[in-house]
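Worksheet: one structure, shown below.
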Amino acid sequence: MGFPFFSMFQTSPFDGLQKHAETVKECAWAFQQAIECYTSDKCNTIEEYRKEVNKLESEADTIKRRIRNKMPRGARIPMSRFQLFMYLKEQDNVLDSVEEALDWLSCRTEPGIPIELKKDFLLLVDAVVDPIEDLSRMVGEAKKYFDNYSDKQREIVKEIINNLRQREHEADRMEDKMKQKIFSIGADPVTIFHVVKLIEIIGSIADHAENAGDMMRAMIAKKRGFWGDKR
């Protein structure tokens, strides 16, 4: 029977990952509200949402540094330090993409999103926010797995990872559809450039969520026991 991973730490690294994931989730809510505001044509609070995301991003950076600094270099953990930190990096990249999308959005307030794309645009945002909400749950379920190495618990984590992958594919399809549509509605070149880049940035949110899932899959793929990172 494997020895519970988290008994080695007064504070589990996954506690920090969970807190970081919750902060990313808060950013996703603010992001969704900002986009709905932006597409309403009656928006006067988008800058407040952008500032809120920037504030949360700063808080997430503090959590990220704390996780890295509190991980003893010689600690024996059931995954490599590289895997753990790469997971953290991808989860953090989700937040960075949210922040980048709002920053890019603020560069051009007029004419905004063409009316022909508004419905698709909101659907795309919903499609990338859903995976963000799964990240926190995935971290929590993974922590349970490393506490008891239950095959049932491992399957729960894998199911969340598979859902992340499926949702990323759905977001990709929506992204491609919107890019084709923007060129067919006769928008001016500046609007096309602004919207296409915005679509790509928003799509990258789901990409990073899927990448985080892939890193989590790599971590739980290890068989029971300890693996020290000697680097």
- Message: Checking the conditions here, which among 138, 86 is surrounded by fewer than 21 Cβ atoms within 10 Å (Cβ to Cβ), closer than 22 Å to residue 210 by Cβ, aliphatic (A, V, I, L, M) and out of contact with any Lys or Arg (no Cβ under 9 Å at 6 or more places or on another chain)?
- Response: 86
- Item | Odd one out for residue 97 among (1) small (Gly, Ala, Ser); (2) in a loop (DSSP other than H, G, I, E, B); (3) within 10 Å of the chain's Cα centre (by Cα) | (2)
- Count - residues of region 169-195 that are of a type outside the set (D, E, K, R), surrounded by 15 or more Cβ atoms within 10 Å (Cβ to Cβ) and either in contact with a Ser or Thr (Cβ under 7 Å, 6 or more places away or on another chain) or in a helix (DSSP H, G or I) (or both): 8
- Selected residue [in a helix (DSSP H, G or I), free of Cβ contacts under 8 Å to residues at least 60 places away in the same chain and under 30 Å from residue 70 (Cβ atoms)] from 164, 123: 164
- Message: Condition first: farther than 30 Å from residue 157 by Cβ and surrounded by 18 or more Cβ atoms within 10 Å (Cβ to Cβ). Now tell me which residues in region 196-217 satisfy that.
- Response: 198, 199
- Message: Looking only at region 9-51, how many residues end up being surrounded by fewer than 16 Cβ atoms within 10 Å (Cβ to Cβ) and outside any helix (DSSP H, G or I)?
- Response: 8
- Note on the structure: Selection from region 18-64 of residues closer than 16 Å to residue 90 by Cβ and in contact with a Gly (Cβ under 9 Å, 6 or more places away or on another chain) yields 18, 21, 63, 64
- Looking at region 58-76, is at least one residue modelled with pLDDT under 95, in a strand (DSSP E or B) and either within 23 Å of residue 130 (Cα to Cα) or not β-branched (Val, Ile, Thr) (or both)? yes
- Message: So the check is Cβ under 8 Å with 6+ separation or different chains; which pairs have a first residue in region 135-148 that's under 14 Å from residue 87 (Cα atoms) and a second one that's modelled with pLDDT under 95 and among the basic types (Lys, Arg)?
- Response: 135/25; 136/25
- Item | Residue check for residue 182: farther than 26 Å from residue 30 by Cβ and among the aliphatic types (A, V, I, L, M) | no
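The values are calculated or read from the model by the stated rules, or taken from the named source; none is laboratory data. Small disclaimer: the values here were computed from a predicted structure and weren't measured. Note: ideal-geometry Cβ built from the backbone for every residue, glycine included; neighbour counts use all protein chains shown.
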